[in-house]
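The values are calculated or read from the model by the stated rules, or taken from the named source; none is laboratory data. Computed from a predicted structure; not experimentally measured. Every residue, glycine as well, gets a Cβ built from its backbone with ideal geometry; the counts of neighbours run over all protein chains shown. Remember, those area values only see protein heavy atoms, side chains included, never the ligands or the DNA or RNA. Shrake-Rupley method; radii C 1.70, N 1.55, O 1.52, S 1.80 Å.
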Amino acid sequence: MYSSSLKGFVLAVVSSAFIGSSFIIKKKGLQRAGAHGPRASGGGYAYLLEPLWWLGMVTMIVGEVSNFVAYVYAPAVLVTPLGALSIIVSAILAHFMLNEKLQRMGMLGCLLCIVGSTIIVLHAPEERSIDSVEEIWELAIQPAFLLYTASVVAVALTLIFYCAPRYGQTNIMVYIGICSIIGSLTVVSIKAIGIAIKLTLEGTDQIVYFQTWIFAMVAVTCIITQLNYLNMALDIFNTAVVSPIYYAMFTSFTILASAIMFQDYSGQSASSIASELCGFITVLSGTAVLHSTRESDPPPITDLYTPLSPKVSWYIPSNGELWKQKDEDGSFPSFVTILRPDYFK
């Protein structure tokens, strides 16, 4: 058991390094693509022709594959929190490569995220032994997890079709929220697929079961959705902020989904559960600190000329006559400055 968890730990660390780097490489690609075509935040896909973006994708794929294998050897509540390392990698690279300055309070936020993750790792429950995909399927169709899945789908659809068109360009939580809640279903599906592959390689064929293919379809759908909205978030907001917020939300929802489906915390002592709760609070506190130190992003320029409003007009008494300037629509201005002739004396 110890050897298996150690493999999962090492793979999770490697995964974090690659994923943290991919954030920066992909954003550089998005910036280059946005200079020559429609931006991803506006629904454009010019980044698909940018080699640097594809390099970032390859880097992310390597990290995700390492993460995928890590889930086979260790529980999600151990692997997922280690994603905090990707925050440090992306923050440091963004500081040097994207000129996104990380202030001292931002560094404190990163430190809090790491401390919280360490607490979670130290008190993580042991991996549950699973012998077949059918066993995982039975866990997936239990009422508690079906309720969680229905809630995730409902919230995701609300964010995608209602909140994203209205608030996605200004509120960082919209796009990241979509990635995070969908990501929790991605992780449990990937873990199921990983266990199926591991059992198949050991001689117990799991490919013949339809449940394996259902988990595969769910994972592919969720991954595509995550990548789409993560690209939009990276294109609009500061990478040093996107990364930690995404990490905190993704980790929270993933551990919640894993706890419901795999019942990771059954049999754990109250002190261990309380310690993990303290770890979550610490991570979320670090995220809040990072968000509060975020530099304002410049608004996108949609037109070369934007008229000033409201207009200022003057009433100038001169020679007993009153001169009035109207707005273009013929109405009198609401803001008026009165200049008296004796003002300049």
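Brief remarks follow.
- The share of alpha-carbon pairs in region 61-152 lying farther apart than 24 Å comes to 43%.
- Between Ile223 and Leu49, the simple spin-label model (points 7 angstrom out along Cα→Cβ) gives 2.7 nm.
- Solvent-accessible area of Met107 with every protein chain in place, 1.4 Å probe, in Å² to the nearest 10: 110 Å²
- Accessible area, probe 1.4 Å, largest first, for residues Tyr246, Tyr175, Tyr167, Tyr209: Tyr167, Tyr209, Tyr246, Tyr175
- Heavy atoms of Phe68 accessible to a 1.4 Å probe, total area in Å² rounded to 10: 50 Å²
- Per residue, the solvent-accessible area of region 150-292 (1.4 Å probe, heavy atoms of protein chains only, all protein chains present) comes to 41 Å².
- Residue separation of Leu256 and Asp205 scaled by 0.36 nm, minus their Cα-Cα distance, works out to 15.4 nm of gained length.
- Ranked from largest, the principal axis spans of the Cα set of region 41-105 equal 37, 35, 20 Å.
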